[in-house]
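Participant: Input: one structure, supplied below.
No lab work stands behind these numbers, since they all come straight from the coordinates. No experiment lies behind these values; they were computed from the predicted model shown. Neighbour counts run over all protein chains shown; Cβ positions are idealised from the backbone, glycine included.
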Amino acid sequence: MRLVLLSPPGGGKGTQAKRLMKRYSVVQISTGDILRQEVQEGTEIGRQAASLMEKGELVGDSVIIEIIRRRLEKEDTKNGFILDGFPRTIAQAGSLKKMLEEMNLPLNGVISLEVSDETIIRRLGGRRICRDCGLEYHLEFKPPKSSGRCDKCGGDLYLRDDDREGVISRRLKVYREETALLVDYYQREGLLYRMDGEGEIDKVFEEIINKLG
Ligand code: AMP
């Protein structure tokens, strides 16, 4: 199974990608996760990306496309993949198409999770992540047992820099101006499945599975 998940930030693509990965025994490829790793390791890419990410701006297409090219060449993608957070621009989508044609690995579908701005602001503002194991919490929907501590490993919970109020609105604007164009792009390619992303996680997941068969 080879899928792209499209949604605004906080639209649930990461959550659904993790479930789809297990369901289809494929890998999840999140360009956001890869970039955060590069930032943490202080690599050249990480240094270039950090200030853009903090402001909620997109990292340049050429950097992102190179990251994906290298990632798709790895052996573990042979069984399929879920692209989470890529592509985000028409240029990225065009490069992906070319790459996959060359590799003879066409996409099976593109899931667009549709979520209102109001929901996004609530979801992202309350999101907390464990610094040690990466597990996600939400102050309202999935609070930790003890405030500020991970239930699983006791690690510190933090708010992502780009989940702060001013940055969320910038990320949303970037999504609506750039990434939302991909909905029409993939509609024209005949690959698009539009889904209501407002519902419960389990329900959204079931609907995706039903559509994909
Ligand atoms: P995410 O974890 O998917 O919300 O991504 C976090 C941040 O990483 C974004 O706000 C961008 O700054 C950057 N980023 C991730 N994926 C891409 C992409 N495909 N194109 C450009 N920037 C990206």
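Participant: For region 69-115, run through the GluC sites (Glu not before Pro) and keep only the ones in DSSP coil with at most 15 other Cβ atoms within 10 Å of their Cβ.
Facilitator: Hits after loop and neighbour filter: E73.
Participant: Would you work out which of G126, F141, A91 lies farthest towards the positive end of the dipole of region 72-141? Charges go on Cβ: Lys and Arg +1, Asp and Glu -1.
Facilitator: Sorting the options by dipole projection puts first G126.
Participant: Here's a follow-up. Whole angstrom only: what separates the Cα centroid of region 175-205 from the Cα centroid of region 133-171?
Facilitator: Region 175-205 and region 133-171 have Cα centres separated by 25 Å.
Participant: OK, next. Give the angle, between 0 and 90 degrees and rounded to the nearest 10, that separates the Cα long axis of helix 61-72 from the longest principal axis of the Cα atoms of the chain.
Facilitator: Taking the Cα atoms of the chain, the angle to 61-72 is about 80 degrees.
Participant: Given the Cα-Cα distance of E57 and E177 and 0.36 nm per residue of separation, how much length would full extension add, in nm?
Facilitator: Stretched fully, the E57-E177 segment lengthens by 42.0 nm.
Participant: Just to be sure I understand the model, the point goes 7 Å from the Cα along the line to the Cβ. What's the resulting E44 to R194 distance in nm?
Facilitator: Reported label-point gap for E44 and R194 is 4.4 nm.
Participant: Place +1 on the Cβ of every Lys and Arg and -1 on the Cβ of every Asp and Glu in region 79-213, take the dipole about the Cα centre, and give the residue among V167, I111, C153 whose Cα lies farthest towards its positive end.
Facilitator: C153
Participant: Continuing with the same structure: Tell me, what does the Kirkwood hydrodynamic radius of the chain come to in angstroms if you use every pair of distinct C-alpha atoms?
Facilitator: Result for the chain stands at 17.8 Å.
Participant: Among rounded, prolate and oblate, which fits region 141-213 when a ≥ b ≥ c are the square roots of the eigenvalues of its C-alpha gyration tensor, a/c under 1.5 means rounded, and a/b larger than b/c means prolate?
Facilitator: Here region 141-213 falls in the oblate category.
Participant: Can I ask one more? Run the simple label-point estimate for L100 and Y158 please: 7 Å along Cα→C-beta, distance reported in nm.
Facilitator: In this crude spin-label approximation the distance works out to 3.4 nm.
Participant: By how many degrees, between 0 and 90 and to the nearest 10, does the Cα long axis of helix 165-174 differ from the longest principal axis of the chain?
Facilitator: So the helix axis and the longest Cα principal axis differ by about 10 degrees.
Participant: Mind pulling the angle between the C-alpha long axis of helix 90-103 and the longest principal axis of the chain? Nearest 10 degrees, somewhere in 0 to 90.
Facilitator: On a 0 to 90 degree scale, this one is about 60.
Participant: Here's another thing I want to ask about it. Let me check I've understood the local charge: for M195, count other residues with C-beta under 14 angstrom from its C-beta, Lys and Arg +1, Asp and Glu -1. What total comes out?
Facilitator: Once all neighbours under 14 Å are counted, the net charge is -2.
Participant: Using a/c under 1.5 as the rounded threshold, could you call region 1-59 rounded, prolate or oblate? The axes a ≥ b ≥ c are square roots of the C-alpha gyration tensor eigenvalues, and prolate needs a/b larger than b/c, oblate otherwise.
Facilitator: prolate
Participant: Could you tell me which of the pairs K145/K211; K145/K203; K74/K98; K13/K78; K13/K142 are separated by over 29 angstrom between their Cα atoms in the structure shown?
Facilitator: Distance filter (> 29 Å) returns K145/K211.
Participant: Using the Cα centre of region 84-213 as the reference point, and only Cβ charges (+1 on K/R, -1 on D/E), how large is the resulting charge dipole? Debye, rounded to the nearest 20.
Facilitator: 320
Participant: Now, a different point. Taking amide H atoms as placed 1.01 Å from N in the peptide plane, list the residues 5 or more away in sequence, or in a different chain, whose amide H sits under 5 Å from that of S30.
Facilitator: D84
Participant: Still on this structure, please answer the following. Of M1, Q187, G197, which is farthest on the positive side of the dipole of the chain, counting Cα position, with +1 on Lys and Arg Cβ, -1 on Asp and Glu Cβ, and the Cα centre as origin?
Facilitator: Of the listed residues, the answer is M1.
Participant: Now for a different question. From the Cα gyration tensor of region 15-94, with a ≥ b ≥ c the square roots of its eigenvalues, which class applies: rounded if a/c is under 1.5, or else prolate if a/b is larger than b/c, or else oblate?
Facilitator: In terms of gyration-tensor shape, prolate.
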